[in-house]
Amino acid sequence: MKSKRLTSLSRGGGCGCKIEPKVLHEILKDTIKMPIPDEVIVGINTSDDAAVYQINENQVLIATTDFFTPIVDDPEHFGEIAATNAISDVYAMGGKPIFALAIVCMPTKILTTEQISKILNGGKKICIKAGIPIVGGHTIDSEEPIYGLIVLGLASPENIRKNSNAKIGNKLILGKPIGMGIYSSALKRGQLPENYYSIMISNATQLNSIGANSFVLSKSFAITDVTGFGLAGHAWEIANGSKTDLQIFWNKVPILPGVKDLIKLGFVTGASQRNWESFKDKVVINSSLKLDDRNLIFDPQTSGGLLIAVDSVYVDEILKEFKKNHYIAAEIGEIIERKTEFSKVFVE
């Protein structure tokens, strides 16, 4: 059997294939409301990255799942990116992963068994790096290749960081550059230069383990990871949950090399427009910024960086901790007082 390009089999790719927020809201609003036990201290009432269950006074269990279609053609890289992205949600809650289950949906009559094995091996490599085993999973024969993980983690209750606890005056740190959606758009059309592809893989397979760093946790108030809804969308979730507004200084946001040039060549994702449609009433973009900027502000990130609201006194020390652990991080904004009844993100 001749090997097929993975990206040729998927309509979307990575976190860009999420159901758009306003459609998801319509789907969920009439679903049955379930009783939630008191032990669930983080659940469906907030837009957090994982569920958290209180085991006892000293431990909580963190549970999450993430899976998607390919954004790259190399099967091992696809597995690595999907696993990195799934594990990130545990780190975004302030926890440490303990084990994973694999979600494997593959078109077995189209992909070779070798390609599918490489996808699984990519996931295993990242789990080994994170120090956790894959202890099982589930497989189905599907039309599109889909891979991901269910990940469980542990934390002490005081280390849990929801996205809804930011305080006015907190500074915002972004843990990775943005532009993954732009890179993947260019790659799908065979136009991503090889040096940018190397950067893309390095960025997407860097674990967000800094989220479990004891010093960073001790100085942080709210954490999320930036994925399918783009920087502005996930920033708004912090503002909304915390009942604040949020300011982003666009010139401080780290951007992957070459991304602005690629946007000018027309490499944008449909997801960035869908994100804009869902959040345009919640995000105020300075009139001096252009459409290219807006496309990047809402660009879906696959395996993106952590967005952390931190004590303003410790920004420099926290950034040094990121740098020491080889992250390209930056202070990009701050938490400000809410001006109206509803939270907004201001991009200046």
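Restricting attention to the range 13-47, the residues that are part of a loop (DSSP other than H, G, I, E, B) and either farther than 27 Å from ASN295 by Cα or of a type outside the set (A, V, I, L, M, F, W, C) (or both) add up to 18.
Among the candidates GLU144, GLU76, the residue that is touching a residue at least 12 places away in the same chain (Cβ under 8 Å) and under 17 Å from LYS18 (Cα atoms) is uniquely GLU144.
Of everything in the range 235-248 that is crowded, with 23+ Cβ neighbours inside 10 Å and not β-branched (Val, Ile, Thr), the residue that is farthest from ALA92 (Cα to Cα) is LEU246. Within the range 48-82, the set of residues being within 24 Å of ILE98 (Cβ to Cβ) and assigned to a loop (DSSP other than H, G, I, E, B) comprises ASP48, ASP49, ALA50, ILE55, ASN56, GLU57, ASN58, GLN59. Note on the range 135-165: residues that are among the β-branched types (Val, Ile, Thr), buried (at least 19 other Cβ atoms within 10 Å of the Cβ) and more than 30 Å from ILE335 (Cα to Cα) amount to 3.
For the range 122-147, filtering for residues that are of a type in the set (D, E, K, R), touching a strand residue (DSSP E or B) at 6+ places or on another chain (Cβ under 8 Å) and more than 13 Å from ALA86 (Cα to Cα) leaves 2.
Residue pairs whose Cβ atoms lie under 8 Å apart, separated by 6 or more positions or on different chains, with the first residue in the range 195-213 and under 16 Å from VAL151 (Cα atoms) and the second in a helix (DSSP H, G or I) and modelled with pLDDT under 95, do not occur. One residue stands out among those in the range 249-284 that are of a type in the set (Val, Ile, Thr) and in contact with a helix residue (DSSP H, G or I) (Cβ under 6 Å, 6 or more places away or on another chain): the one that is surrounded by the fewest Cβ atoms within 10 Å (Cβ to Cβ), which is VAL268. Output yes when any residue across the range 87-100 is more than 19 Å from the chain's Cα centre (by Cα), more than 27 Å from SER8 (Cβ to Cβ) and surrounded by fewer than 24 Cβ atoms within 10 Å (Cβ to Cβ), and no when none is. The answer is yes, given that some residue of the range 87-100 is more than 19 Å from the chain's Cα centre (by Cα), more than 27 Å from SER8 (Cβ to Cβ) and surrounded by fewer than 24 Cβ atoms within 10 Å (Cβ to Cβ). Of the residues making up the range 83-108, just one is in a loop (DSSP other than H, G, I, E, B) and in contact with a Pro (Cβ under 8 Å, 6 or more places away or on another chain), namely PRO107. Taken together, the residues in the range 26-57 that are touching a residue at least 40 places away in the same chain (Cβ under 8 Å) and surrounded by fewer than 11 Cβ atoms within 10 Å (Cβ to Cβ) amount to 1. On the stretch given as the range 44-67, residues that are closer than 18 Å to GLY123 by Cβ and modelled with pLDDT under 95 total 0.
Out of ILE103, ILE128, one residue alone is out of contact with any helix residue (DSSP H, G or I) (no Cβ under 8 Å at 6 or more places or on another chain) and surrounded by fewer than 19 Cβ atoms within 10 Å (Cβ to Cβ). It is ILE128. Look at the range 296-318 and say how many of its residues are under 18 Å from LYS260 (Cβ atoms) and either outside any helix (DSSP H, G or I) or among the aromatic types (Phe, Trp, Tyr) (or both). Of the residues in the range 296-318, 5 are under 18 Å from LYS260 (Cβ atoms) and either outside any helix (DSSP H, G or I) or among the aromatic types (Phe, Trp, Tyr) (or both). Exactly one of (1) surrounded by 17 or more Cβ atoms within 10 Å (Cβ to Cβ); (2) not in a strand (DSSP E or B) is unmet by SER287. Its number? In the conditions (1) surrounded by 17 or more Cβ atoms within 10 Å (Cβ to Cβ); (2) not in a strand (DSSP E or B), SER287 misses (1) alone. Pairs meeting the criteria (first residue in the range 287-306 and under 12 Å from LEU231 (Cα atoms) and assigned by TED's automatic domain parsing to the domain that holds ILE178, second residue assigned to a strand (DSSP E or B) and of a type outside the set (Val, Ile, Thr), beta carbons under 8 Å, at least 6 apart or on different chains) are THR302/PHE68; GLY304/ASP225; GLY305/LEU174; GLY305/ASP225; LEU306/LEU174; LEU306/ASP225. Tallying residues that are touching a strand residue (DSSP E or B) at 6+ places or on another chain (Cβ under 9 Å) and under 20 Å from LEU9 (Cα atoms) within the range 39-74 yields 5. THR84 meets each of the listed conditions (1) in contact with a strand residue (DSSP E or B) (Cβ under 8 Å, 6 or more places away or on another chain); (2) surrounded by 21 or more Cβ atoms within 10 Å (Cβ to Cβ) apart from (1).
The values are calculated or read from the model by the stated rules, or taken from the named source; none is laboratory data. Note that the structure is a prediction, hence the values are computed from the model and not measured. Note that each Cβ is placed from the backbone with ideal geometry, even for glycine, and that neighbours are counted across all protein chains shown.
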